[in-house]
Structures are given as C-alpha cells and as structure tokens.
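A quick write-up on the structure given underneath.
The values are calculated or read from the model by the stated rules, or taken from the named source; none is laboratory data. Keep in mind the model is a prediction, meaning the values are calculated, not measured. Virtual Cβ from ideal backbone geometry, glycine too; neighbours counted across all protein chains shown. Note: areas computed on protein heavy atoms with side chains; ligands, DNA, RNA excluded. Shrake-Rupley method; radii C 1.70, N 1.55, O 1.52, S 1.80 Å.
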Amino acid sequence: MIFKPKENTLEMDEKVIAQIRALGLDMIQHAGSGHPGIVLGAAPILYTLYSRHMKVNPTCSNWINRDRFVMSAGHGSALLYATLFMAGYPLTLDDMKSFRQLLSITPGHPEFGLTPGVDASTGPLGQGVGMAVGMALGEEYLRSTLKAKKEPPVDFYTYVLVGEGDLMEGVSYEALSLAGTLRLQKLIVLYDNNGVTLDNQASITFSEDILKRMTSFGFETFEVEDGEDILAIDKAIESAKNSDKPAFISIKTTLGKFSKLEGTNLAHGKVLEEEDVISIKNKLGVREIPFTVSNEAMEYFANQITSRTMKGYERYKKRIEKSDNKELLTRLLEHNYTISLKNIHLEQENAESRALRDFSSDVISSIHDDLCIGGSCDLFSSCKTYQEGEGDFSSKNRSGKNIWFGVREHAAAAIINGMCLVGLRPYVSTFLSFSDYMKPAIRLSAMMKLPVTYIFTHDSLRVGEDGPTHEPIEQLDSLRLIPGVEVFRPGDMNEVIGTYKAIFAKNEGVSIISLAKTKVSSLPESGISEVMKGGYIACRESGNLQGILISSGDDLQTAIELQKRFLARGVFVRVVSMPSISRFLSQEEKYRKEILPDKGKRIVLESSTAYSYYPLLREGDQLLSTTQFGFSASSEDVLKKMGLDIDTLEKKIEL
C-alpha cells in the first residue's frame, strides 16, 4: 500500500519539525561532532510518531504500559534528544548544549537508564532491531500472562527506526525473520529510506527489494513516497497498527534535507559549515541564534501528547490498583527481577553420574516464575534448557515460556535484551564456542546492566570428535573480560544450584553459565551456598599444605584425581573450586587468604586459555592451560595431544 503526498501539513506541525531540526543541528555544531543527515531527513518521522501515535507520559517516562521506541539508527541521537526535549520530557537546553560531552545525559549514542525517554542503548547497527523484536515478543507474552476481564494491564506497540545500515546487518535479518514467523503484530518498523550510507550511495552495496524481503518474512508493508508529508506518515502508521501482522513502513526521505550536501554521504556524519547551517535555518524559518527554541512550538507538541494519552494514563493507574495480577504487576512497576529459588532441591541419587547440563535442566524446570522465560538456538535437546510443562511461545500460544529461536544466535541475544527491557527475566542457550555470535548483544546487555542470563554448554575440550570449531578455547576468557559480566562455571550439582541462586538473587547485571556435557562426580566439600563467594575449598589437604590446585567446571574432576595421586606420593595439596573468578576477587582479603593462603604453590588447571586467573597467581605459580585450537578425535586423545591429560599434567606439576 502506497501513501502519496497530500496538501500542505498544518503550519504548527511544520514549525515544530523545523525547531527539532534546528535544535539537532545546534547540538551537533556545538559538540563539533555528530550526524546531521538523519536529523534533517527523518525529523518528520519522529515528530509524527510522537505527536500522533506514541502512548507515553513524558512526566513518567518509565510507565510500564507506554509504547516503546527504539532508535536502532543510534547515530541519530541528536534527533531523538531534540524530539524528546520538544515533546516535554525532563530535558533542558543545558542538556542539549552538553551533547556528546563528558557525564552529560545526552551522549553520542542513546543510553538506556541515562536519558529520560530512551528505551534502549543503541549504536551497533542492527542491534536495535533485535531488541525491538524482543520488546514486541515480551509485550505479547505479558499481555497473555496478565489476563484481565477488560483492558489488559500490558498492551503497547513497539516502534523501531531503522536505516539501510541496520537492514544490512545480519542480526536484523534473523530478528525480523523470527518476528514474522511469530506474527508479532504490535511491532512496527519505520524505515528511513534515504538511499545513502556513510561511505556512498546505498545502491552499490544494498540492491535487494526490501519490501519483498519483508513480505516474505511475514510483514505487512507500506510505503510513504514523501518523508516530508506527515499526513501520509500518520496514515501509514495508523494502517500498520490495524494490521494483524508485524508492519514495515518504508518512508522515502532525503539525507541532509535543505543542506547543500543533501542526498550525499557527506551529510551523514560530517559537521556542516556555519554558512550552510544559517542557510538551512533560513529555509526552515527559524532564528539563526543557536539553541533558540519556540515556547509556542514546545507547548503545541507537548499538548498533542498529553491531550491524547493522559486520560488513558490516569485510567490505567486506577485499573492497576484493582488488578487481579497485583503481585506480578508490582514486580514490573518496581523493576524487581529477582527470583527466589530457596525451595529448589535436586535428587542426590544420580549426582555422581550426570552431566552438568542435566543438573541445569532440572533447575530450569523447577523455577515456575512468570518473569522467567527463555529459549535456545535450535539446541534445546543439547543445552537442556527447556522448561518442562510451560509450553512453547508461538503465534498461537502467547503464554508459552519456551522460545524456539531457531539457528539465530545473533538475534536471540539481542531479542532477550529487548525482553528484559520490558520487565522479563529472560535467558538463551547455545554452545559456548558459538557465544562469539552473541558478543555485540552481550556487550550491550552489560552496558545496560540488564539481568539477562546466557547459558552456554559444551564448554570443554572434552566435546572431542566435533573438533576445533566446537571446542571452546578462548571463549571463557573473552567473556570474563567484558565489564559487568559475571561468568559462572560450576563443577557439580550443588554448584549448579548455587549458580542459579546467585544469578536470580541479582536485580541487575549480566550472568553467564558455562556448562560441560561430560558426566561429573560430586565435589567432596561442595555446597550450594559456597558459590555465593565465587571460590572455596572443594577438597582439603590432609597434611602440611604444599600446593593448591585451582580449577572450575569439569576440569575439577582432573584436579581431584591429581590430588589423590599426589597424596599417594605423600604430597599434600588442596583443591579450590573457582566457579566465578570475579566474584571471588570481590570478597574481603581475609576470606581470599583463607582459601588461597600464601603458603604453597598455586597451580591453575583449565583446559582452555586461562589468562583470567592471573590475578590469583604469584611469581613461581603455575598455569596449566592451552593457547592453541583443538583437534577432531576422542576427548581422551585430544587432551593427550594437547598435554592436558592427567598423566602429562602430573609430570608437569612441580611441588
């Protein structure tokens, strides 16, 4: 469906759009950096969206039933801030003047939790698309879960602004494909179709028929031929809202509109010349003085929003007070993501003959919490993360708690970020070696301090025959290095339970669980509560301490066998389990010295790279790990070839 240009739009609408454009330009000029092209080209899109459609309350920007907007084209932050300021959000002209400056609330790319009205941190192109899909998925799940006789407590649209760059990134393909399959009908994608990328015209790298692609995904598509026509944009959005499918609206715009660089890549990320800015402002009919804003235009914009949404907001507050879902709604209102696992107890009978992923499976199926929803990347059967008895989330069942992400690691990680941003406590699983596909989204999870959980299995060289592509070597270290990410590598049933308890007790921060597929024995002195401190004595020495073996996960089995061999030789060593290095390092020095006294040589054993352990080592200590990729063979042959079998390790250790 194509929406063609109409007669001239209302004079005050044009005045507000001109003010948004001018303010965005002033911010970029004042900062000496930024992206003026999208400010000038896409301002009518954002203005139309906020003035006529977004269900928001600028004085309560975290209202749980608000519509969500994701600026996936995060380089357009000046446009977003200018729009939010003009719309009446609690931002000041001083905030606009401090754009891209140290400690301002108007950073170079949108940051969740920093700027009122920003619903997600964006910048890496395509990630916002995945998060928007997650928000729409989360809305469907919550609307179904929070049943109501009349109006559901959660009922909102998710809008995302994308450009050519977003649509080129593979993560957007994956996410939009799943959105269409799941028929997430309250997801609306606004495509700023200007035909330009940072380097050149988009046609040299982006030639497919995007509308046909979106139709094939299961989206209903719309076109607006003139991005200056807010009446056409308005009608397209309204039609999209009435669709029973997710919607994609292509809006033809001009990058750098009114600039002498308009329509070229030079307008994308280059500060404009002062003469050009003055010329643009003259064309727009606004004053040349920087940061001069019309109060009349601001009031008009803000009144459009409040007159349309405030009655609904007040009605919503009264409805919440009488809701049958008071407990769950209170958790959403208070952003309380914690989940109590105090009643979880697993059977001890097979504790010495099961894989760590099997213990994990038992815990996951015992949670039974409405906020805990998750899935796997076509690896439910391998990662064992299916919640038994909770049903599958699908186009026909919105209350299912198991999400079949398909083979889409890039998108799955971004999607659970979006789910968390609307109040859920999500998780996703795949093999540890494939965590590299998820790194950009994990990094954003950490920046936003989201309590999302990544469950990675097959975390050891002992996967054997699958070979080096599936044998994780550098992944644990690389994940441990991400600021704000806590990596747990439990070694037996008690540690698995303790890991989940530690994770779900947190209200913020990314958690990663790394699990082996190999069967393990119970650690002699393991305890559920011991995990809370990150490291503890898993098997004490029986005489005068001469060495300390430090390890985690299934490598602890080797450490304990080594302890027995040394004991047979009259050498007394301690085995320390280190399920979370970062958590252990955060403990008081007294406790750390109790576990790792200065007496005795420290030997770290990890069948991967192990640079993360360096803070625990001193001169003369020993690191037994690998810095090379593995081989395709039985796990025993692989370990022997790499010098990590128990016989070779025993010879390497000098005590």
Determine, for segment 547-655, the count of lysine pairs separated by eight or more sequence positions (or lying on different chains) whose alpha-carbon distance falls under 15 Å. 8
The answer for SER376, listing residues at least 5 apart or on another chain whose modeled amide H is closer than 5 Å to its amide H, is ILE403, PHE405, SER429
Over segment 350-428, calculate the relative contact order: mean separation of alpha carbon pairs under 8 Å at least 6 apart, over the residue count, as a percent. 32
Report in % the part of the accessible area of segment 24-76 that belongs to carbon and sulfur, leaving out ligands and nucleic acids; probe 1.4 Å. 46
Packing-based order for 64-77, 114-127, using average beta carbon neighbours within 10 Å, highest first: 64-77, 114-127
Mind jotting down a quarter of the surface of the convex hull over the alpha carbons of segment 205-301, in square nanometres, one decimal? 8.8
Exposed-loop-free span, longest in the chain, where GluC sites (Glu not before Pro) count as exposed if DSSP calls them loop and at most 11 other C-beta atoms lie within 10 Å: 8-207
Rounded to the nearest 10 degrees, what's the angle between the helix 555-568 long axis and the longest principal axis of the chain, both from Cα atoms, 0 to 90? 20
What net charge is computed for the residues neighbouring GLY218, neighbours being all others with C-beta under 10 Å from the C-beta of GLY218, Lys and Arg scored +1, Asp and Glu -1? +1
With only alpha-carbon atoms in the gyration tensor, what are the semi-axes of the equivalent ellipsoid for segment 92-241, in Å, largest first? 26, 24, 16
Taking Cα atoms, how many degrees apart are the long axis of helix 493-504 and the longest axis of the chain, rounded to 10 and kept between 0 and 90? 20
To the nearest Å², the heavy-atom accessible area per residue of the chain with 1.4 Å probe amounts to 39
So if R0 is 51 Å, what FRET efficiency would SER353 and LEU333 give, r being the distance between their Cβ atoms, rounded to the nearest 0.05? 0.65
Dipole-positive endmost among TYR591, GLY138, PHE456 within the chain (Cβ charges, Cα centre): TYR591
When the helix-only estimate is applied to the chain (DSSP H runs of n ≥ 4, each -39,500 (n - 2.57), divided by the residue count), what is the mean residue ellipticity at 222 nm, nearest 500 deg cm²/dmol? -11500 deg cm²/dmol
Suppose the chain between GLU273 and SER203 were pulled fully straight at 0.36 nm per residue; how much longer would it get relative to their current alpha carbon spacing? 22.5 nm
A correct Karplus calculation of ³J(HN,Hα) over segment 281-297, with 6.51 cos²θ - 1.76 cosθ + 1.60, θ = phi - 60°, whole Hz and x for Gly and Pro, returns 5, 5, 5, 7, x, 10, 5, 6, 5, x, 6, 9, 10, 7, 5, 4, 5
Give, in nm to one decimal, the length gained when the segment between PHE629 and ILE646 is fully stretched (0.36 nm per residue of separation minus the Cα-Cα distance). 4.2 nm
Counting DSSP beta bridges with both ends in the chain, the antiparallel % (nearest 5): 10
Residues ASN507 and LYS342, FRET efficiency given R0 of 25 Å [Cβ-Cβ distance, rounded to 0.05]: 0.95
Please list 3J(HN,Hα) in residue order for segment 81-89, calculated via the Karplus relation 6.51 cos²θ - 1.76 cosθ + 1.60 where θ = phi - 60°; whole Hz, with x for glycine and proline. 4, 4, 5, 4, 4, 5, 7, x, 5
Please compute the length gained on full extension between GLU525 and SER307, using 0.36 nm multiplied by the number of residues separating them and subtracting their Cα-Cα distance. 72.1 nm
Which whole-number value in Å³ per residue fits the convex hull of the alpha carbons of segment 536-655? 102
In nm, to one decimal, how far is the TYR591 label point from the GLU561 one, both placed 7 Å along Cα→Cβ? 3.2
Say R0 is 25 Å: what FRET efficiency, to the nearest 0.05, do ASN282 and GLU225 get from their beta-carbon distance? 0.40
Which distance in Å, rounded to a whole number, links the C-alpha centroids of segment 37-107 and segment 354-404? 37
Here segment 217-360 gives, from Cα atoms, an Rg and Dmax in Å of 26.7, 80
Relative contact order of the chain: what whole-number percent is it, with Cα pairs under 8 angstrom and at least 6 residues apart? 13
What percent does the relative contact order of segment 509-608 come to when contacts are Cα pairs within less than 8 Å and at least six residues apart? 35
Under unit Cβ charges (Lys, Arg +1; Asp, Glu -1), what dipole magnitude, rounded to 20 debye, does segment 13-102 have relative to its Cα centre? 180
Computed from every Cα-Cα pair in segment 3-140, P(r) in 5 Å bins starting at 0 and rounded to whole percents is 2, 10, 19, 23, 21, 13, 7, 3, 0
Here D for segment 483-601, in µm²/s, from Stokes-Einstein with a Kirkwood Rh over Cα pairs at 4 °C and 1.567 mPa s, works out to 89
Please report, in debye to the nearest 20, how large the charge dipole of the chain is about its Cα centre when each Lys and Arg carries +1 at its beta carbon and each Asp and Glu carries -1 there. 1400
Once the dipole of the chain is set up with Lys and Arg at +1 and Asp and Glu at -1 on Cβ about the Cα centre, which of MET532, PHE393, LEU23 lies farthest towards its positive end? MET532
Largest to smallest accessible area among PHE99, PHE206 [probe 1.4 Å]: PHE206, PHE99
Straight-distance crosslink candidates among aspartates and glutamates, where the alpha carbon sits under 14 Å from LYS401 and sequence neighbours closer than 8 are dropped: GLU139, GLU140, ASP369, ASP370, GLU388, GLU390, ASP392
Sites matching trypsin sites (Lys or Arg not before Pro) across segment 549-643 that sit in DSSP coil, with at most 15 neighbouring C-beta atoms within 10 Å: ARG569, LYS599, ARG618
